[in-house]
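Undergrad: Here you go, one structure.
Readers should treat all values here as calculations from the given coordinates under stated rules, not as data from a laboratory. Remember, it's a predicted structure, so these values are computed and weren't measured experimentally.
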Amino acid sequence: MLLPSLQIILALLFAAPLQAGLEINALHDWEGHIGNTRSVRLSMQIDQERNIEGEYFYVKYVTKIPLKGQITEVKTHNNRIAHGKIELVEYDKNKQINGYFVGEIRENRMIGTWRSADLQRSYPFELRHKASSYQKSIDKRYEFLGISTEEAENFAKKIQKAILQKDKQTLAQNIDYPLLINSAQGQVQIQNKQDWHKKGETIFTPSLLKNVRESYPIFMKTNAQGFALGKGYIWMNKNKDGQLKVIAINDF
């Protein structure tokens, strides 16, 4: 596999600014809070009929919760949804209604009130639009790479755990060599497993450990290079033999 240049790596890390408004059929990723303390991440797709499919998770638990809903009273700008009333229904693991999001989208913000299914609890929510991607559906985010959502998330969880535990052996078995490691100090290329065991310890810097710890193996960044934890700290994809591997590490 050809390793991406430093210029490509930097482009992956620092994406272009978001355009105002939401494009139909794209996946839209959000982050924010329900109440003052419940940090959440949400991903959703709006179809041509203004129906919404999505998922969200509480950062504390990192367990996806399915959502269905609709956006109404839509106002558009440059063929993008600039404003609209939004209603989302969340479901528990038994497909029973668990709660509601009712509010509005204002360009790159979503604000409103979350209510429990029994209407006994309610909290304000505010989310900010963070990224868009162009996959077929909410459950096929990685399909264009030939990777299922389950495969991608399970592999990312394994790699995240190995890095946080400084498990060089597990990482050695899940790297596509040669591996490019980029940092503020420059580039290091790891040629093979033997080279990894000599140099691999150098990747466990405080900054990389912090960035990986604060990343989530759900709703991950994707492009033609593969998929990544966080802002592009750990890039992963299938190698020429069809095996999921780490292809680049960025410690910025």
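Undergrad: If the chain between residue 82 and residue 165 were fully stretched, how many nm would it gain, using 0.36 nm times the residue separation less the Cα-Cα distance?
TA: Residue separation times 0.36 nm, minus the Cα-Cα distance, leaves 25.5 nm.
Undergrad: Under a 5 Å amide H to amide H cut-off, with H placed in plane at 1.01 Å, what residues pair with residue 108 once short-range neighbours are removed?
TA: 21
Undergrad: For the range 108-173, state the semi-axes of the equivalent ellipsoid (square roots of 5 times the eigenvalues of the alpha-carbon gyration tensor), sorted largest first and rounded to whole angstrom.
TA: Listed largest to smallest, the semi-axes of the range 108-173 are 34, 19, 13 Å.
Undergrad: Right, something else. Would you mind checking which residues have amide H under 5 Å from residue 216's amide H? H placed 1.01 Å from N; only 5 or more apart, or other chain.
TA: Those qualifying (amide H under 5 Å, at least 5 residues apart or on another chain) are 230.
Undergrad: Which of 60/136; 60/168; 68/231; 68/161; 136/231 have a Cα-Cα distance over 24 Å?
TA: Checking Cα-Cα distances, 60/136; 60/168; 68/231; 68/161 exceed 24 Å.
Undergrad: Among (1) 0.93; (2) 1.10; (3) 1.01, which one is Rg/Rh (Cα atoms, Kirkwood Rh) computed from these coordinates?
TA: (3)
Undergrad: Could you work out [θ]222 nm for the chain from helices alone, using -39500 (n - 2.57) per DSSP H run of at least four and dividing by all its residues? Round to the nearest 500 deg cm²/dmol.
TA: Counting only the DSSP helices, I get -5000 deg cm²/dmol.
Undergrad: What helices in the chain pass both tests, a Cα length along the helix axis of 15 Å or more and a mean Kyte hydropathy of -1.0 or higher, using whole DSSP H runs?
TA: What comes out of the filter, once short or polar helices are dropped, is 149-164.
Undergrad: What share of all Cα pairs of the range 141-251, in percent, falls into each consecutive 5 Å distance bin?
TA: Answer for the range 141-251: a P(r) of 2, 13, 25, 27, 20, 10, 3, 0 percent.
Undergrad: Here is a further query. Determine the alpha carbon to alpha carbon distance for each of 158/199; 140/166; 166/238 and list only those over 26 Å.
TA: From the list (158/199; 140/166; 166/238), the Cα-Cα distance tops 26 Å for 140/166.
Undergrad: Still on this structure, I have one more. Would you list which aspartates and glutamates come within 17 Å of residue 198, measuring only between C-alpha atoms, while excluding same-chain residues fewer than 8 positions from it?
TA: Residue 198 reaches 167, 176.
Undergrad: Same structure, new question: Determine the gain in length on full extension of the stretch residue 94-residue 191; use 0.36 nm per residue of separation and subtract their C-alpha separation, reporting nm with one decimal.
TA: 30.1 nm
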